[in-house]
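S.K.: I'd like to ask some things about the structure below.
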Amino acid sequence: MRLGIICPSEIALRRFMPALQNIHEFDFVGIGVCTPEERFGNTLPEQSIVDSIMEAEHEKAKAFINQYGGKLFEGYKNIVASDEIDAIYIPLPPALHYRWAKIALESGKHVLVEKPSTISGSQTLELAELALKKGLGFHENYMFAFHQQIADINQLISDGEIGDVRLYRIAFGFPRRAANDFRYNKALGGGALIDAGGYTIKYATMLLGESARLRYAQMNYLEEFEVDIFGSAALVNDSGMTAQIAFGMDNNYKCELEAWGSKGFLTTGRVLTAPDGFTPTVTIRKGNNEEVRNLSADDAFGKSIHKFIDCIKEPSIREQNCRQIVRQAQLIDDFYRLALQGNSGSSQK
């Protein structure tokens, strides 16, 4: 299959393409650079600003092509409509996912989109239904979910290493990034919830199962930002098992799972962000005894791309995957609703 990429983004260059090199089912065709109209809409800034930004985008694309080959497509519409392309990878800011994924699906292209799939449950549902109607693969790239360490942790718990689980805690946060980072831009779909928070919700539902639902949700803001900066929540399932989650993007770095059991507890340190080849560890404490064990190294990005291939090839896998993507988007919608309903302690915007 022939694959193209919208936008020469950092994640496409740094993570996607190295993983793609080891996947023989795809041939990389090229990368799309937006037109000024696609970038700015009908309100173009001064020509000098337009020229500077477009030049920078073209330079990034040329560097991309120099390293990985392929051709440059002028305009996102041209690459998604091209007869040279069978599948599209979309690593744009979240607010742009819906528009370009929809155009790609309508053009008969399989779509791999960075997380979150869109910024609303209704948009995600529309894309999933369109993909299923057209028999096209549609996959959201929460790559951590495919890392072997997740299965390793599940096996430790299943084997009774910490006894019966009483509580899960998941935390993911990172220090403040540059002021121009899209995560702090409301118009681009910024906010801690749909960025870092999405990971914690995704993992919580993997641990709790299909009956997982939110019981409370808290979003917190800082005066200098127009988006939520940190938050927390609790999810429960029909068995009463609870997962507490916390996230943020002006935080000391944390990327942890804690599973607290009747006989001990385990903690991890890179459960959502382990890169290719990195060997994660788990710490198991029972009473005064502490043991650190290695978990499996893996290429989670590559395995996520293979899941995309499975969605393209197998209708049953495609349908199941679309249900999971829609469920994730609906839970984020539920989070917004609960946070706005009852959390008077937060400064809401």
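The values are calculated or read from the model by the stated rules, or taken from the named source; none is laboratory data. A quick note: this is a predicted structure, and the numbers were derived from the prediction, not measured. Note: ideal-geometry Cβ built from the backbone for every residue, glycine included; neighbour counts use all protein chains shown. Quick note on the areas: whole protein, heavy atoms, side chains included, nothing else; ligands and nucleic acids left out. Shrake-Rupley method; radii C 1.70, N 1.55, O 1.52, S 1.80 Å.
S.K.: Going residue by residue through the range 282-303, is there one that turns out to be open to solvent by 70 Å² or more (accessible area, probe 1.4 Å), in a loop (DSSP other than H, G, I, E, B) and among the hydroxyl-bearing types (Ser, Thr, Tyr)?
M.R.: no
S.K.: Could you check the range 24-55 and list, in sequence order, the residues that are among the aromatic types (Phe, Trp, Tyr), open to solvent by 30 Å² or more (accessible area, probe 1.4 Å) and over 18 Å from Phe182 (Cα atoms)? Working first, answer last.
M.R.: If we filter the range 24-55 for residues that are among the aromatic types (Phe, Trp, Tyr), which is where we start, we get 26, 28, 40.
Remaining after also requiring open to solvent by 30 Å² or more (accessible area, probe 1.4 Å): 28, 40.
Within the range 24-55, just Phe28 meets the criteria.
S.K.: Which is open to solvent by 30 Å² or more (accessible area, probe 1.4 Å), in contact with a strand residue (DSSP E or B) (Cβ under 7 Å, 6 or more places away or on another chain) and among the aromatic types (Phe, Trp, Tyr), of Tyr168, Tyr216, Tyr203, Tyr221? Steps first, please.
M.R.: Details: Tyr168 fails: open to solvent by 30 Å² or more (accessible area, probe 1.4 Å); Tyr203 fails: open to solvent by 30 Å² or more (accessible area, probe 1.4 Å); Tyr221 fails: in contact with a strand residue (DSSP E or B) (Cβ under 7 Å, 6 or more places away or on another chain).
That would be Tyr216, the only listed residue that is open to solvent by 30 Å² or more (accessible area, probe 1.4 Å), in contact with a strand residue (DSSP E or B) (Cβ under 7 Å, 6 or more places away or on another chain) and among the aromatic types (Phe, Trp, Tyr).
S.K.: Sort through Phe308, Phe301, Phe265 and tell me the only one that's in contact with an Asp or Glu (Cβ under 7 Å, 6 or more places away or on another chain) and farther than 30 Å from Asp164 by Cβ. If you could, list the steps in order and put the result at the bottom.
M.R.: Working: Phe308 fails: in contact with an Asp or Glu (Cβ under 7 Å, 6 or more places away or on another chain); Phe265 fails: farther than 30 Å from Asp164 by Cβ.
Matching residue, one of Phe308, Phe301, Phe265: Phe301.
S.K.: For residues in the range 61-83 being open to solvent by 100 Å² or more (accessible area, probe 1.4 Å) and touching a residue at least 24 places away in the same chain (Cβ under 8 Å), which is nearest to Phe28 (Cα to Cα)?
M.R.: Checking each candidate, the answer is Gln67.
S.K.: For the subset of the range 84-103 comprising residues that are free of Cβ contacts under 8 Å to residues at least 60 places away in the same chain and out of contact with any Leu (no Cβ under 8 Å at 6 or more places or on another chain), which member is surrounded by the most Cβ atoms within 10 Å (Cβ to Cβ)?
M.R.: Restricting to residues being free of Cβ contacts under 8 Å to residues at least 60 places away in the same chain and out of contact with any Leu (no Cβ under 8 Å at 6 or more places or on another chain), the top hit is Ile103.
S.K.: Run Glu46 past the list (1) at pLDDT below 95; (2) closer than 23 Å to Asp83 by Cα; (3) of a type outside the set (Gly, Ala, Ser) and report the number of the one that doesn't hold.
M.R.: (2)
S.K.: Take the residues in the range 119-163 that are under 15 Å from Asn321 (Cα atoms) and not in a helix (DSSP H, G or I); name whichever of them is most open to solvent (accessible area, probe 1.4 Å).
M.R.: Restricting to residues being under 15 Å from Asn321 (Cα atoms) and not in a helix (DSSP H, G or I), the top hit is Gly135.
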